[in-house]
């Protein structure tokens, strides 16, 4: 599945795809609370632009979640993130977020502990439908003088001059990273597997605009969306990483899929037609991507739910160690950490790759090194 593929899909089948995702989104919304004030947060080790590493505190703010996911097409096929958000947060609860996030920051160690903060909303920080303009400014103003780096996450359609200039009135460009969930730079995969709703050109436009303001970009790449094999997923990650590197994306985050509730991915998982990626695929994706981009970009890969049935996994014996290695590599960017001894299950993994190729009439393959 590539951008050169000129075969036209059946419009009726495409409609069924989005209708099914939409139905599942309705079910997932029924599981959401009407209101809650829970702020999900966690600590991780992050690489910083000066080449060092340090701790960052990530917040998931309880906004209404992603507007794109709330549309009739149901949003992205793998996404379960809006379930973390209330359906109708009160205005009062939203305007408490600056103080509440700061309280969490201080309680967990404050300026002595953290060099960076990241603000996610399970949607787009730059979407006024989720966060009113004055509120998003007030949150950032609490932290801007106390950390080295602030990351906000958004869909690319909200990266417009008005929003960027507004943010830069609060946060200087040298401290700001804007993260965009592009998932893949292959428009066909984005349309028929991810249902992302935007094309590579839109992502390129957003990156170009951010660079005009000297703002760094973080691009997310999804590893093994539905209808993708291990081999095709690995190839897509490397193609997408190359494309992102070519247009100057300074931070590339490889995100292996995990099974979210009430998603098309979960339905396929239950039917035995989808398996989360092998951790070996994740490992080779991170290693090859870093070899590809070198010092021109930071490559981050910290697999969610690694080693579990619903997350990226190997045999169970090597999963924990391999996840820890990927996490340490992500924080240090030290490629030598990925020179590891292979577990016995690696032989099974290589057999899987070859079987996939044979099943698709493409011959045998060898893994990336």
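The values are calculated or read from the model by the stated rules, or taken from the named source; none is laboratory data. In this text, all values refer to a predicted model and were calculated from it rather than measured experimentally. Methodologically, a virtual Cβ is constructed for each residue, glycine included, from the backbone with ideal geometry; neighbour enumeration extends over all protein chains shown.
Does segment 174-182 include one or more residues that are touching a helix residue (DSSP H, G or I) at 6+ places or on another chain (Cβ under 6 Å), in a helix (DSSP H, G or I) and touching a residue at least 60 places away in the same chain (Cβ under 8 Å)?
No, that holds for no residue.
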Item to check | Flag for residue 193 being closer than 23 Å to residue 303 by Cα, part of a helix (DSSP H, G or I) and touching a residue at least 40 places away in the same chain (Cβ under 8 Å) | outcome: yes
Checklist outcome for this item: Those residues of segment 312-362 that are part of a loop (DSSP other than H, G, I, E, B) and under 22 Å from the mean Cα position of the chain (by Cα) come to a total of 4
Next on the checklist: Within segment 36-150, considering only helices (runs of 4 or more DSSP H) that don't extend past its boundaries, which have at least 2 residues that are at pLDDT below 95?
Outcome noted: 67-70
Next on the checklist: Being under 21 Å from residue 82 (Cα atoms), touching a residue at least 12 places away in the same chain (Cβ under 8 Å) and part of a helix (DSSP H, G or I) is the requirement here; does residue 157 meet it?
Outcome noted: yes
Checklist outcome for this item: The correct count of residues that are within 17 Å of the chain's Cα centre (by Cα) and not in a loop (DSSP other than H, G, I, E, B) in segment 291-309 is 3
Checklist outcome for this item: Expected single match for in a strand (DSSP E or B) and in contact with a helix residue (DSSP H, G or I) (Cβ under 9 Å, 6 or more places away or on another chain) among 259, 252, 226 is 252
Checklist outcome for this item: Of the residues in segment 224-243, those that are within 14 Å of the chain's Cα centre (by Cα) and farther than 11 Å from residue 78 by Cβ number 3
Next on the checklist: For segment 214-223, which positions are surrounded by 20 or more Cβ atoms within 10 Å (Cβ to Cβ) and either assigned to a strand (DSSP E or B) or under 12 Å from the mean Cα position of the chain (by Cα) (or both)?
Outcome noted: 216, 217, 218, 219, 221, 222, 223
Checklist entry - Among the residues of segment 362-369, is any surrounded by fewer than 19 Cβ atoms within 10 Å (Cβ to Cβ), modelled with pLDDT of 95 or more, out of contact with any strand residue (DSSP E or B) (no Cβ under 7 Å at 6 or more places or on another chain) and within 30 Å of residue 218 (Cα to Cα)? => result no
